[in-house]
Amino acid sequence: MNTGPIIEIEGGEVLANLAERTITGRLIPFGEEGRTNVGRFLIEHPDDIDTSDAEADPSIISLNLDHERASVVGRGTRVWKQPDGVYASWQIARTPAGDAALADATNPSGRRRRLSGEFGPAIIRAGKLVGGHAKLWGSALVPMGAFPGAMVLAADTPDGEAAEPVEPAPADSSDEHPTVELPALPEDVTVVTPAGDTALYTPEAAPAEDNPEEEGGSTVTATATDVLAGAPAALVPPTLAPSAPAAPARTQSRDSDLRQVLAAFATLKVDRGNADAMQVLAALSDVKTAGNGSLLTGANGTPSIVRPSWVGQLYDGIEYEREFIPLGKVGTDITINGKQGYTLARRAATTGTTEMEVTASTGTWAGDKADISSHSGFTKTAQSTRRNFAVGNDLAREFWDLPGGEEVVLAYLRLLVEEYYIWSDLNANLDWITAAGTPVAPATASYSAEYPDAMGMVIQGILAVKARKGAKKRRDVPTFAILNELAYTELAYAAGGDQHLPAFVEFRVSTDGSGTAETVQLVQGDTGIEDTPSVIVGARPAIEFDELPGGPLTIEALDIARGGIDKAVHGYLQTFSVRPEAVVLIGTADEA
């Protein structure tokens, strides 16, 4: 592997995802003059830079801070080319340094919110990268609009030669007149002090005096261009070409005003309290944010180059959590034939198929060789039912083949999975209504006037499940109650205080549609009755809900003839009504 010197080029701002710990953005620009640690040059064609290794194994592209290769905070997960540059995504390390870097990148006032690519060796001719030998090696998070000090120099090689990049000569130690030996005259020189002050110098070349003892050359002088102190160098435009005459002293023209305004904006991004930058913006009365010709609106109302920040998919409320399936026994015992089972009951010879109710005299024996009672037994079988769910689309394969579409498709598939969870939960609610059967009239005469009827209905339902009359007496323990909207609203508005509540049942109700009554879970939902308050009370073992392990399936198939990819979400809900006797509905049926 070639280990030549590395070029650092300013890419673009990052798109960071704090939840997924990822960073994405343009790493190397195409077709525009880029700022690098060796000056400005153009990468004209995508083939001028080699990203084959990085695309084959993006993990080789580490992400560091400020081009400090010992400060790695992430590893590449994807590298690709687009018409405007090389793009990449990184997974941020779960380390303190990674946490800090990710938080900084997602903060609008963060310090390091710009990407910078590392590649080489570089051969530059006439201000363009040529040869296609430069290989992408690494990447860095750097301050917005700024760069660390230069590390290597790329030679501007005359046509016909293939010179390797050269190392810079050591700078002169003089504070006033530092000297740097370069293979060619740069367009400009940017000086950044440790205090953050920045200045741009434009070299002026003058012919050397004739001297037979010396080789031909040129003497370089530099003219300083006024730059706002502390402004990042990235927003200072190039001034004069190397062979141009020295620039005259600038007056306060509109061009220089605009440069100072842009520099002031850049400074305030990283230092919101910078007094010099705020003074510049306050002094220029013609700098506006709206209207024809403003900085945010182009001339004659044309769109500005300033674009809103792209934040991706917007917040769409909390994720749906199922309420009615968890009220039953949840499992994954689902098969194509479903479940079957039976219950065993006894009956007296005179009752036909009716279950025999146990009384105080049932089974009593006179003794002394008298005949004993004799019953007969019979079974009742139960069979589960299954509901099937499927939603899908035939997608153009461009969504997967080309960058930019996969994220939207994946978000859409997540939406279909959520649709399955909502669908299955609503069907589970219907199963509880079916199990409850015919409503039992509210025993309003037994309710206290100190609390609403809905509270009395919950108590009545709890007592009914605990102590059903007949052969199944006191065989179930209630675990939940589903209250329709009218009943739940009554409980939510019920007056507090011990004097207004039942003496032996403790109610806790919240405004999110849930609560408790003793150990019974309260849930707002459908009871099959809408006109008046009503309540379904039941025990968890009454119904078994089974699904595929891991949730619904995502199915994929190729539509080769039409250039498409079929994506679908399939799910199955198996309902096994084990003991409907353990579910009761308290309320008055709606009038037809």
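Every number in this text was worked out from the coordinates using simple rules, so none of it is lab data. Just so it is clear, the model here is predicted, and its values are computed rather than measured. When we count neighbours, we look across all protein chains shown, and the Cβ atoms used for this are built from the backbone with ideal geometry, even at glycine.
Annotations
- Magnitude of the charge dipole for the range 385-586, about its Cα centre and with charges confined to Cβ atoms of Lys, Arg (+1) and Asp, Glu (-1), is about 1220 debye.
- Amide proton proximity set for Asn64, modelled H, under 5 Å, gap of 5+: Val73, Ser139, Ala140, Leu141
- Converting phi to 3J(HN,Hα) with the Karplus coefficients 6.51, -1.76 and 1.60 and the offset θ = phi - 60°, the range 532-540 yields 9, x, 8, 9, 9, 10, x, 10, 3 Hz in sequence order, with x at every glycine or proline.
- Under-5 Å amide H pairs with Gln521, H placed in peptide plane, nonlocal only: Phe480, Ala481
- Protection proxy ranking of 78-87, 129-138, by the mean of other Cβ atoms within 10 Å over each peptide's residues and highest first, is 129-138, 78-87.
- What the pair-distance distribution of the range 7-143 shows, using all Cα-Cα distances binned every 5 Å from zero, is 2, 11, 23, 25, 18, 12, 6, 2, 0 percent.
- Each residue of the range 363-371 was assigned a 3J(HN,Hα) from its phi angle through the Karplus curve 6.51 cos²θ - 1.76 cosθ + 1.60 (θ = phi - 60°); the sequence is x, 5, 10, 6, x, 6, 6, 6, 5 Hz, with glycine and proline shown as x.
- Dipole-positive endmost among Gly85, Thr95, Gly31 within the range 7-143 (Cβ charges, Cα centre): Thr95
- Whole-number Å³ per residue for the convex hull built on Cα positions in the range 385-586: 155
- Taking the average, over residues, of other Cβ atoms within 10 Å as the packing measure, peptides 384-394, 549-559 rank 384-394, 549-559 from highest down.
- Ordering 14-24, 57-67 by mean Cβ neighbour count within 10 Å, with the highest value first, yields 57-67, 14-24.
- Cross-link pairs Lys339/Lys380; Lys81/Lys128; Lys81/Lys135; Lys329/Lys567 - those with Cα-Cα distance over 21 Å: Lys329/Lys567
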